[in-house]
Amino acid sequence: MWNRKELKEKGKLAFKVNYWRCVLSAFLLSFLISAGTVASRTNSSGTPANNPEASDAVRTLQEFAQQNPATFGAIAGIVAAVGLTFIIIGIVLKIFLFNPLEVGCYRFFKENIRTDGQAGLDNLKAGFGQYGHTFATLFLRDLFLILWSFLFIIPAIVKSYSYRMVPFIIKDRPELSATEAITESRRMMDGHKWNTFVLDLSFLGWMILGIITLGIVNIFWTEPYRQNTNAALYLKLSGQDAEAGSNF
C-alpha cells in the first residue's frame, strides 16, 4: 500500500529540481483539460419568472419574431450555425490536438519522477507517436466518461478515477489495445480510488490559496506539485517505483 505523505514528498522534490519545466507543463495540461471540458450553466436568477428585465426582453423578442418571422428565422439560423461551428471546432481540437498533448504532459511528469527531476520538454510530443493508438484510446475514454455522466455526477467522478492512469499507460504499454489500456487503468485503480480522492483533497488548501491569488499559486506551485505527485502514484501502482531514481 502506498503512503500519501511519501508520494507528495517525491512529487515536491522532483518539481523543485525541474521547476520551470514543471510549471510550463502543468500550465499546458491545465489548459488542455479546461479547454476540453464543455459545461453549461443556468442562472436561475435570470429567468423571466423572477427578473422583470429578462421578462421584458423575452416579450420584445417574441413580438419581433411574430412581426418579422423571416428575419427572425434567418438570424436564429445564423446564431445556431455559428454556435455549432464553434462546438465542432472545439471537438476536433480536443480529439486531434489536445488529447495527444495531454499524453505528452503526463509522460513528462512520469519521466520527471523517474529521473529525479531531469525530464526534458521533448516528452511533450510523445503523444503524437503512434498517433492512431493515442487517438483511439483517449476518444474511447472520453466517450465512456460522457456516457457515465448521463448517470449523474457521482458515477462519472468514480469512473474518472478508474480511467485516471490511461494517459500514462498509452505510452508505457503500447502493445495494449484501446479497450485493454482502459481495462488496465481500471485494474490499477481497483481498491485505490478512495485513497486517490483523499490524495487530491490534500491539495485543497493550496487550491483555495490559488483562488485567493487569482490563480497565481495554482500556476506556479499547486498544479506542478500535484501532477508530479500523480505521476509518483502511477509509478507506484504500475510497479515501476523500484526502477525509478534514487528517491524511490
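The values are calculated or read from the model by the stated rules, or taken from the named source; none is laboratory data. Computed from a predicted structure; not experimentally measured. With ideal geometry, Cβ positions are generated from the backbone for all residues, glycine too; neighbour counts draw on all protein chains shown.
Tabulated data
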item: Of all residues making up region 175-209, the number that are over 18 Å from P155 (Cβ atoms) and among the acidic types (D, E); result: 3
item: Residue check, P167 in contact with a His (Cβ under 7 Å, 6 or more places away or on another chain) and closer than 20 Å to L237 by Cα; result: no
item: Test: residue in region 135-145 that is of a type in the set (S, T, N, Q) and in contact with a Pro (Cβ under 9 Å, 6 or more places away or on another chain); result: yes
item: All positions within region 84-126 that are assigned to a helix (DSSP H, G or I), under 22 Å from K12 (Cβ atoms) and either under 14 Å from the mean Cα position of the chain (by Cα) or of a type outside the set (F, W, Y) (or both); result: C105, Y106, R107, K110, E111, N112, I113, R114, L121, N123, L124
item: Odd one out for S185, checked against (1) at pLDDT below 95; (2) crowded, with 21+ Cβ neighbours inside 10 Å; (3) of a type in the set (S, T, N, Q); result: (1)
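Each row is one residue, and each column tells you yes or no for (1) modelled with pLDDT under 95; (2) loosely packed, with under 13 Cβ neighbours inside 10 Å.
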site	(1), (2)
P167	no, no
A181	no, no
W194	no, yes
D200	no, no
N218	no, no
A244	yes, no
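A quick yes/no check of all residues on (1) under 21 Å from W2 (Cα atoms); (2) outside any helix (DSSP H, G or I); (3) touching a residue at least 24 places away in the same chain (Cβ under 8 Å); (4) hydroxyl-bearing (S, T, Y):
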residue: P167; (1), (2), (3), (4): yes, no, yes, no
residue: E175; (1), (2), (3), (4): no, yes, no, no
residue: E184; (1), (2), (3), (4): yes, no, no, no
residue: L199; (1), (2), (3), (4): yes, no, yes, no
residue: W206; (1), (2), (3), (4): no, no, no, no
residue: Q227; (1), (2), (3), (4): yes, no, yes, no
residue: Y234; (1), (2), (3), (4): yes, no, yes, yes
